[in-house]
Structures are given as structure tokens and as C-alpha cells.
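Presented below is the structure to which this report refers.
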Amino acid sequence: MQDLILPFSKINKNSVSIAGGKGASLGEMTQAGLAVPPGFVVLAGMFDRFVQESDIIEDIQAELEKVNYKDTNSIDRASNVIRAIIRKTKVPADIQSVILNSFQELGAKFVAVRSSATAEDSKTASWAGELETYLYVTEKNLVDTIRTCWSSLFTPRAIFYRHEKKLLKTKVSVAVVVQKMVHSEVSGIAFTVHPVTKDYNQMIIEAGYGLGEAIVSGSITPDSYIIDKKDELIMDVSIAKQEKMMLIKGASGGLKWSPVPKIKQEKQKLPSPKIMELAKLCAKIEKHYQHPQDIEWALEGGKLYILQSRPITTL
């Protein structure tokens, strides 16, 4: 059973079939010595074992076979039914025990819990936004959150995505990444190739106060910095006024919106030296993967962390 959970240090880019795209990438970057917060992956085999031991595989398959992919209501109905089946099914005690032991070994009060599909984040198919992420999860709600992540393999978008990418006959499972939470003062996204002009010599970094989910969800407009990769120069700085930021709600976890102090609202979120430090880190990741990357990053206590990296699939 213990072999169904692995720390990032035991995972690499060849582990997609067991750890999913996110898990494999975090393991690969950890092994490459990059600044990745520690964590572990509940491997896809754990989800497979859960559905087998709970005897719900046939119920799930039966619902999928009823789907009319030309009818969004049909997809939504199947998603609701399948997710409800998974969420109400008790996680066997031995699986719970192994998960909680790994959490305790991590030594973190709060973790980020992210779905990681085993067919995700290849250079031709990206599951970005198809599956789910939960932040500031505690030991108390960890197992329930992992089960919800398992069920996110069957969101309407994920069900349709498998149909669209002709993955219906391919075995797709889901691993879950559990990672020590970074209390982001500033965070954001970096694209190692300009996503609009497709200029391979330009990198764009987006930055906002608080947690990066605010940027990913489109709830705030971030600063945008354009970097010349060859000459290692900041070519353009566009500062966006930010009036609210996403932070931890309280001692029991959860998220809330907080006002940004007026004095900081129109300031540059990331100082220029940190922009260049981050740009060099992102260039190193791109070089490691030998493919343009879409990178999530965070700054805590003056230190930059890499939370995720996946191939840019739109070039």
C-alpha cells in the first residue's frame, strides 16, 4: 500500500502514468534541484484501488456509456451522478491511514491538493483547468479533499475533453498531488515564450499580491513584465492596480478576499531584481524540458518557489 504514495524526490518526468502530469513535473523539478515546495503524490493506483475495492467501476462506466456528447445536459447529468457516487463512497481505512501517515511525515500544517490526470500535460494535450485544486487543506479534511479530486476526473469539462481528444478508449486515471502550502506574498504565472506574438526570445511574467489562484481564475488583472531572454533585460513593465488579494481565511484553512493596502495598490508587485531572478529560474526550467513552459510561481519571505510547470501547447 505504501508504494501507492511517493514523495516528489522519488518521481520524475517518466512517472506520468502513475503520478499524472503535475506530479511527474514536480518530481522532475525536485530531482533537478529547483525550488519546489516539498510534497508527495497519491498515485493513480490508489484511485484505481479505491474504485475497485468500493465496487463502483461498473456504476461509473454505465453512466459514461449513456452520455450523448452533442448534448451538454447529458454530459452535466453524467458528471453529477458519477461525482456523487465517488464522494459518497467511503475511503477504506487502510488507504486513509497511509495518506494521513504521509501527511504527518511532510510536517506541514496546510497543503495544496491538486488533481493530476495520468493522460495530462503532454505537448499535444493539456488538462490545464480541467481538473481541480484545493488550497490550505488541513489534516482534518485531507482525505475528503483527495476523494473530491478523484471525482474531478469526471467534471463535465474533463468528460468532454476525453471525448474531444479521443481518449475514451484510453485508460485515464487520476493521481493527487499533496504539496506544502506556500504563503504567497506575491505570485503568478510565467510563459517562457511570448504567448501572443510567439516570440521565442521573449518571456512574460505576470504577478499579483496574494495567491496565484486569483490570476489563474481571472479575478484580478496582474502586472505584466516582458523579458528579453537573450540579453537578460526587462523590456517592458505594465503595472496593474490591485485592490483585493486572495489569502488564507483563518486557522482552519480556507480562502478569503482581503483588501490590498492603498499604499501598495498601484506599486510594482515584483521588484526588478526578483523579476530577473525568476526569469533566469524559468529559463532554466525551459532548458531542462527543452520545450516552452507555462510556470506557476510564488514568493514567500523573499524566496521564489516553483509550484508547477507544464508545456505550452498553443504555439
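Among the residues examined, Asp94 qualifies as at pLDDT below 95 and closer than 17 Å to Ser54 by Cα. Scanning segment 1-29 for residues that are surrounded by fewer than 17 Cβ atoms within 10 Å (Cβ to Cβ) and among the hydrophobic types (A, V, I, L, M, F, W, C) yields one hit, Met1. Given the condition of a type outside the set (Phe, Trp, Tyr) and surrounded by fewer than 12 Cβ atoms within 10 Å (Cβ to Cβ), answer yes or no: does some residue in segment 205-213 qualify? Within segment 205-213 (the criterion being of a type outside the set (Phe, Trp, Tyr) and surrounded by fewer than 12 Cβ atoms within 10 Å (Cβ to Cβ)), the answer is no, since none of the residues qualifies. Where strands (runs of 3 or more DSSP E) fall entirely within segment 225-315, those with at least 3 residues that are among the acidic types (Asp, Glu) are at 293-300. Does Tyr200 satisfy being among the hydroxyl-bearing types (Ser, Thr, Tyr), part of a strand (DSSP E or B), more than 23 Å from Pro259 (Cα to Cα) and touching a residue at least 24 places away in the same chain (Cβ under 8 Å)? So Tyr200 does not fit the description; no.
Scan segment 214-253 for residues that are touching a Lys or Arg at 6+ places or on another chain (Cβ under 8 Å), of a type in the set (Val, Ile, Thr) and either crowded, with 18+ Cβ neighbours inside 10 Å or not assigned by TED's automatic domain parsing to the domain that holds Ala279 (or both) and the total you get is 2.
Please state which one of Ile220, Ile189, Ile205 is outside any helix (DSSP H, G or I), over 30 Å from Arg147 (Cα atoms), touching a strand residue (DSSP E or B) at 6+ places or on another chain (Cβ under 8 Å) and touching a residue at least 12 places away in the same chain (Cβ under 8 Å). Among Ile220, Ile189, Ile205, only Ile205 is outside any helix (DSSP H, G or I), over 30 Å from Arg147 (Cα atoms), touching a strand residue (DSSP E or B) at 6+ places or on another chain (Cβ under 8 Å) and touching a residue at least 12 places away in the same chain (Cβ under 8 Å).
The values are calculated or read from the model by the stated rules, or taken from the named source; none is laboratory data. What you see is a predicted model, and the numbers here were worked out from it, not measured in a lab. Glycine also receives a Cβ, built like all others from the backbone with ideal geometry; neighbour counts cover every protein chain displayed.
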